[in-house]
Structures are given as C-alpha cells and as structure tokens.
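The next block holds one structure in the form of structure tokens; read it before the comments.
The values are calculated or read from the model by the stated rules, or taken from the named source; none is laboratory data. Values in this document were obtained by computation on a predicted structure and should not be read as measured data. Note that we place each Cβ from the backbone using ideal geometry, even for glycine, and neighbour counts take in every protein chain shown. Surface accessibility is based on the protein's heavy atoms, side chains included, excluding ligands, DNA and RNA. Shrake-Rupley method; radii C 1.70, N 1.55, O 1.52, S 1.80 Å.
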Amino acid sequence: MPKLNMVEALNLALAEEMARDSQIILLGEDVGRLGGVFRVTDGLQARFGPDRVIDTPLAESAIVGTSLGLAVGGLKPVAELQFMGFLYPALDQIISHISRYRNRTRGRLPLPLVIRMPYGGGIHALNLPRDPVGQRWTSTLLSTTVSSPPQGEDLALGDIDRDGDLDILLGEKWLRNDGKEWPTFVLGKVTQGEPDRCRLADVNGSGRLDAVVSLENGTDILWFEAPADPTQPWKRHNIGSVAGQGFSMDVADFNLDGRPDVVVGEHRGKEVNRVIIFEDLDKGASWAMHVIDSGPKGQIDHHDGVQAFDMDGDGDLDIISIGWYNPKLWIFENAAID
C-alpha cells in the first residue's frame, strides 16, 4: 500500500470516484484551474473537464445552495469551502434545507451531497475585528529577510514543501510555514533586473509546485524547477524574452491541454505594450510565443493586468487587464477554444 499524505489521499479518492461515477462533480473556490488552495483537486479539471470541476465565485452560500439544487436534480456534488472559518454564510442552506430534505421528502430525495472544508493543522481563516472600520487590524511579522534585494509586487501561496501547510513565494525566495516560524529559502538568481510577479504551478508534471517569475527592468520570463527537497537550489529555465522591461503575469491552461501556459502584459514598452501568451509545448522544455494584442504605448499598458478568468462562462479562460498610466479595463476574449 502506498504511503500518502492527506492531500494526496483526498485527491486520489476524488479521482477514483469521479472516474467510476460520471454523476460526481466538484465545485468551489479555486478547485479547478488552481487545483484548490491546498492542491486537493490538483489535475482533476484537466482530467475531467471544466463541466465537472467548476470554479465558483467567492460566495459560500451560493456554493452550498447550488450543490443542494444539483443533488435534487440527481447529480452528486462535492462542494469545497476553502476554510471552515468561511462556513457561516452557508449555514442557513445546511440547517434549513440540506439537513431536512431526506426526511421532508420521506426518502424520495436522498440528497447525495458532500461538503469539504479544511480545519486545524495550523491553518486558520483570517479573523477580522468586530468593527473593521473603527478597530485596529492586527498583523504578524513573518520575515525580515525577503526585502533585500526587492522581491517585487506579488506573492503566491501554495504547499511548496508538500507538508499540508501553505507556504509563501516572493520572487526568487520562499517562506516555509513552520507554524510560528517562517524560515526563508532562495530558489536561485534571476538573470537581470529584479523579480516582480510570481506564480506557483506544476510546470513539468512532477507533482511539485514550480515557480514562474517575471522581471522588472528585465526582459526574461523564467521558471524555477522545484527539487525533491525545495530548501535546496532550484534549476532555472528561460521561458522567453520580451522587450517590455516590466510585466504583469499570470499562469493558466489557456488551451485546455493540461499544461500551464504563461501570459504576460508589457507596461514599459518603447513603442507598444503587448499581451503575449507563452504556450507550454513540452512540460516546460519548449514554449511557443503568441502575441494576442498590441497597442500604442500612449494608449494601453498592463501594469496591473493580465489575469486569467472565464469572463463569459463558456469554459475557457479569458484575460482581463488594467493599466497604470492608462487606468482602463480591457477584456481579451479567448476565441481559440470552441
């Protein structure tokens, strides 16, 4: 019998049951493209498709209420709430409806429904003060070792060391969540400029979270390959080079082939600011560059932009972007996937 941690066991159980029963669907915040904040659903959307692994809005009552309706209709939903601390908006659906349906219908509607939520293990939901306007919010200093050299304007969360706790990626450094302590580890060095935007994704299909990093005052887009022991140096790979000298960035599977692609938006272009997708052709070994938009520098930029979302609900990922010098919102529709 293989030895699995809880996350791996849950992922395997969900995959086996979904393969056995086509009526089982998953829904919740970030369960699809991201694979869940703890990666419990990692890889399931690529395997079973976006119709069975569904990313939802940040609305716990709607997630549970929708699951109730799906179960009444004959499906077998597995609803995920990111943390047990977020349960309270959904309690009315659970207490007033889900808990009573089987008895209320004299067994005609058995309501096959699962609600998942993590609790304990050092993971806690954010506790806001009773009066978030009038009362002081508390904060905890995690590290004093990540600000020099600068680590950019972004961070990413994921279980980098696969121990069940969320760690933090900041540019070329990461913080390990040891509970009360957050030791700092260095992935490697960037090629030029400073690290800026960053994302965690399993680029090479190893099951580990790799790091994708874009630069400020540089031209390279990089990914760092996670070793078996992530506290050791990570191998640096070049995804591509673009002239923008500053990029917003996101990682998503735009063509639904199961491999993460990288989208960047220029905001320091000399003449134009482009939106570019680097398509992963071979688990991070080779990439194809596609320019999907190009606009004059004086009219468009993407400093705060290029985030992947399914804006039109058609099952593929579109791109939204907003500029710094030109603070307008742009939406780029993905028309490549039928």
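Within the stretch 1-47, the set of residues being assigned to a helix (DSSP H, G or I) and within 23 Å of R199 (Cβ to Cβ) comprises V7, E8, N11, L44, Q45, A46, R47.
Within the bounds of the stretch 141-156, is there any residue that is touching a strand residue (DSSP E or B) at 6+ places or on another chain (Cβ under 8 Å), modelled with pLDDT of 90 or more and open to solvent by less than 60 Å² (accessible area, probe 1.4 Å)? So far as the stretch 141-156 goes, yes, one or more of its residues are touching a strand residue (DSSP E or B) at 6+ places or on another chain (Cβ under 8 Å), modelled with pLDDT of 90 or more and open to solvent by less than 60 Å² (accessible area, probe 1.4 Å). Within the span defined as the stretch 301-311, one or more residues are in contact with a Gly (Cβ under 9 Å, 6 or more places away or on another chain), farther than 23 Å from D42 by Cβ and surrounded by fewer than 23 Cβ atoms within 10 Å (Cβ to Cβ). Restricting attention to the stretch 254-294, the residues being closer than 15 Å to W324 by Cα, touching a Lys or Arg at 6+ places or on another chain (Cβ under 8 Å) and part of a strand (DSSP E or B) number 4.
Total residues in the stretch 317-338 satisfying the condition of being farther than 24 Å from E29 by Cβ, surrounded by 16 or more Cβ atoms within 10 Å (Cβ to Cβ) and of a type in the set (A, V, I, L, M, F, W, C): the figure is 1. Going by what's in this entry, would V7 be described as modelled with pLDDT of 90 or more and open to solvent by less than 40 Å² (accessible area, probe 1.4 Å)? So V7 does not fit the description; no.
Name the single residue that is modelled with the highest pLDDT among those in the stretch 15-39 being open to solvent by 30 Å² or more (accessible area, probe 1.4 Å) and of a type in the set (K, R).
First, the residues of the stretch 15-39 that are open to solvent by 30 Å² or more (accessible area, probe 1.4 Å): 16-17, 19-20, 22-23, 30, 33-34.
Narrowing further to those that are of a type in the set (K, R): 20, 33.
Numbers: R20: 91, R33: 88.
Only one residue fits best here, namely R20.
Look at (1) in a helix (DSSP H, G or I); (2) in contact (Cβ under 8 Å) with a residue 60 or more places away in the chain; (3) surrounded by fewer than 17 Cβ atoms within 10 Å (Cβ to Cβ) and you find that D51 fails only one, number (1). Contact map, the stretch 238-258: first residue in contact (Cβ under 8 Å) with a residue 40 or more places away in the chain and closer than 14 Å to A288 by Cα, second residue open to solvent by 50 Å² or more (accessible area, probe 1.4 Å) and not in a strand (DSSP E or B), Cβ cut-off under 7 Å, separation 6 or more or different chains; pairs are D253/R33; D253/A46; D253/R259; N255/A336.
With respect to the conditions (1) of a type in the set (D, E); (2) open to solvent by 40 Å² or more (accessible area, probe 1.4 Å); (3) part of a strand (DSSP E or B), D314 lacks only one, and its number is (3).
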